[in-house]
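This report concerns only the one structure given below.
The values are calculated or read from the model by the stated rules, or taken from the named source; none is laboratory data. Note that the structure is a prediction, hence the values are computed from the model and not measured. Don't worry about glycine lacking a Cβ; one is built from the backbone with ideal geometry, like all the others, and counts go over all protein chains shown. Accessible surface areas use protein heavy atoms only, side chains included; no ligands, DNA or RNA. Shrake-Rupley method; radii C 1.70, N 1.55, O 1.52, S 1.80 Å.
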Amino acid sequence: MPRAVTQSHSHALARSKHRWRRYLADERAEAAMYRSLGRRRQGEEREILMALADAEKRHEQHWLDLLGDEVGRPLRPALRTQVLGLLAKWFGSVFVLALMQRAEARSPYSKDPDATPKMAADEQLHEEIVRGLAERGRKRLSGSFRAAVFGANDGLVSNLSLILGVGASGVSTHVILLTGAAGLLAGALSMGAGEYVSVHSQRELLEASRPNPAVLKIIPILAVGNNELELLYRAHGMSEEQARARAHLVLEERTADSSIILDQPEDVSHEEIGTGMGAALSSFCFFASGAIIPIFPYLFGVSGMPAVFTAAGLVGISLLGTGAVVGLLSGASPVKRALRQLAIGYGAAAATYLLGMLFGTEIH
């Protein structure tokens, strides 16, 4: 075999071994992440996370077998894997699971000839498992937290737009500051009141949709040939055949099992919705915390264009943060959601600024 071919083969093998070591490091880090998250959970979620850690150990063994005696010194995992490991240790929250879901989706095994098809399928399945766990966490997030995130974003955009629109008309700094304070208070009160009404109404609708437990008391006295019970199940969404079978089961067995007699709705619970007062307070506070940011330059005596650029910069940083949080909550890309949030916020502010300049020119 020519020397050049031998050297090329040697270099290719060396690159493959380096890639295998990288995969080995990532598998070990991901297994550690799942164990870290599992230790923070209880019951079924703990079992699922620990089982995922064991699955990553199987993948780890694959790369160990390929490397044989040439495992060498342990490599550091990829930077994103290291960051996820730190987040798992510090927070162990739905945000980490959402990021891990995206990490599993980016697995290179489907395109790597040294990974088995089973490993690629495992990684795809792991993505769906983590998605399910993350969805549980998202459902546990109360309405108060959701109101906080979106309330802060509304405060940032609306008050920046208000301040820039009024400021562009040529009014004094004192008027801009008063306008910003009024916008903060009015918006926070409006958000709080609207969130209270919304959540309170949703809880009432949920309560009104739950079956009346008093139906259980009338089951023993219903006639077997009576078909009203079948109509009850059809009214709650069952097909005619399903309703007939359920009614026959209940009337024949006279069971006391309420889960057989009445189906409980599968939508969100009261705890997932949150309380009206809790959501209102969160919405008020976080709208205010967002709305005060564009006022900061004027509070410290900055005026003119320096105040505009400072306010826009502070709001831009905050919009990137809230956009990333929204992206994590929705399971989407945090970076794309952050940039989209920034573009929308700046677009609204720019539009009101131009309108303020136009109206200010006409007035003068």
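A residue that is surrounded by fewer than 17 Cβ atoms within 10 Å (Cβ to Cβ) and modelled with pLDDT under 85 occurs nowhere in the range 176-187. So for the range 145-164 (the condition being among the small types (Gly, Ala, Ser), at pLDDT below 85 and open to solvent by 30 Å² or more (accessible area, probe 1.4 Å)), does at least one residue qualify? No - not one qualifying residue is present in the range 145-164.
Collect the residues in the range 13-45 that are hydrophobic (A, V, I, L, M, F, W, C), open to solvent by 30 Å² or more (accessible area, probe 1.4 Å) and farther than 20 Å from residue 115 by Cβ, keeping them in residue-number order. Within the range 13-45, 32 is the sole residue that qualifies.
Within the range 165-177, which residues are in a helix (DSSP H, G or I) and either within 36 Å of the chain's Cα centre (by Cα) or in contact (Cβ under 8 Å) with a residue 40 or more places away in the chain (or both)? Outline the logic, then answer.
Initial filter on the range 165-177 (in a helix (DSSP H, G or I)): 165-168, 173-177.
Passing the criteria: 165, 166, 167, 168, 173, 176, 177.
Scanning the range 233-279 for residues that are modelled with pLDDT of 75 or more and basic (Lys, Arg) yields 234, 244, 246. Of the candidates 321, 345, 327, the single residue that is assigned to a helix (DSSP H, G or I) and in contact (Cβ under 8 Å) with a residue 24 or more places away in the chain is 345. If you check residue 69 against the conditions, is it assigned to a helix (DSSP H, G or I) and either under 18 Å from the mean Cα position of the chain (by Cα) or at pLDDT below 85 (or both)? So residue 69 passes the test. Within the range 220-232, is there a residue that is open to solvent by 90 Å² or more (accessible area, probe 1.4 Å), of a type in the set (D, E, K, R) and modelled with pLDDT under 75? Yes, some residue in the range 220-232 is open to solvent by 90 Å² or more (accessible area, probe 1.4 Å), of a type in the set (D, E, K, R) and modelled with pLDDT under 75. Is it the case, given these coordinates, that residue 295 is at pLDDT 90 or above and either of a type in the set (S, T, N, Q) or under 12 Å from residue 163 (Cα atoms) (or both)? Against the criterion (at pLDDT 90 or above and either of a type in the set (S, T, N, Q) or under 12 Å from residue 163 (Cα atoms) (or both)), residue 295 qualifies.
Looking at (1) modelled with pLDDT under 85; (2) open to solvent by less than 30 Å² (accessible area, probe 1.4 Å), which one does residue 99 not meet, given that it meets all the others? Among (1) modelled with pLDDT under 85; (2) open to solvent by less than 30 Å² (accessible area, probe 1.4 Å), residue 99 violates only (2).
For the range 113-123, does any single residue satisfy the condition of being outside any helix (DSSP H, G or I), at pLDDT 80 or above, crowded, with 20+ Cβ neighbours inside 10 Å and of a type outside the set (Ser, Thr, Tyr)?
Yes, the range 113-123 contains a residue that is outside any helix (DSSP H, G or I), at pLDDT 80 or above, crowded, with 20+ Cβ neighbours inside 10 Å and of a type outside the set (Ser, Thr, Tyr).
Would you point out the residue of the range 301-351, among those that are surrounded by fewer than 20 Cβ atoms within 10 Å (Cβ to Cβ) and of a type in the set (S, T, N, Q), that is modelled with the lowest pLDDT? Per the criteria, the residue is 330. The single condition among (1) more than 26 Å from the chain's Cα centre (by Cα); (2) open to solvent by 90 Å² or more (accessible area, probe 1.4 Å) that residue 60 does not meet is (2).
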